[in-house]
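The values are calculated or read from the model by the stated rules, or taken from the named source; none is laboratory data. Keep in mind it's a predicted model, so treat the numbers as computed, not measured. Heads up, the Cβs are rebuilt from the backbone with ideal geometry, glycines too, and the neighbour counts pull from every protein chain shown. When the accessible area is computed, the model is the full protein with side chains, heavy atoms only, and any ligands, DNA or RNA have been set aside. Shrake-Rupley method; radii C 1.70, N 1.55, O 1.52, S 1.80 Å.
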Amino acid sequence: MTQRIKQKDLDLQVERLNDLTNNKLGYTLGYAYGGIRLERKHNDSYGAIDVLPRTTKKEQYYLIVAYIHGIEIAQELANI
């Protein structure tokens, strides 16, 4: 049986990512054309930088989790 990814699941991962990176600008989710993608706010302007490609909710969830794991590994290696 497959797990259904809900909006709150995505929101929790984005919150986790923002906490992990101490990101002042903030990672957010962008919705368009029936898809979702991870974005990072750009400076104080209204624009955003694409971090991950636009996908389904389920695909985006797993991409964000992988992105977080990559950051955690890099942080561990930097502390060695």
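The residue pairs whose first member lies in the range 62-80 and is basic (K, R), whose second member is in a helix (DSSP H, G or I), and whose beta carbons are closer than 8 Å, counting only pairs six or more residues apart or on different chains, do not exist in this structure.
Only residues that are touching a helix residue (DSSP H, G or I) at 6+ places or on another chain (Cβ under 8 Å) and among the β-branched types (V, I, T) were counted in the range 65-80, giving 3.
Looking only at residues of the range 39-49 that are farther than 17 Å from N22 by Cβ and either in contact with a strand residue (DSSP E or B) (Cβ under 6 Å, 6 or more places away or on another chain) or of a type in the set (A, V, I, L, M) (or both), we find that the one that is least open to solvent (accessible area, probe 1.4 Å) is E39.
Beta carbons closer than 8 Å, at least 6 apart along the sequence or on distinct chains, pair a first residue in the range 2-15 that is assigned to a helix (DSSP H, G or I) with a second that is of a type in the set (S, T, N, Q) for L10/Q60; V14/T28. Residues in the range 50-68 that are exposed (fewer than 12 other Cβ atoms within 10 Å of the Cβ) and within 18 Å of L20 (Cβ to Cβ): A66 only.
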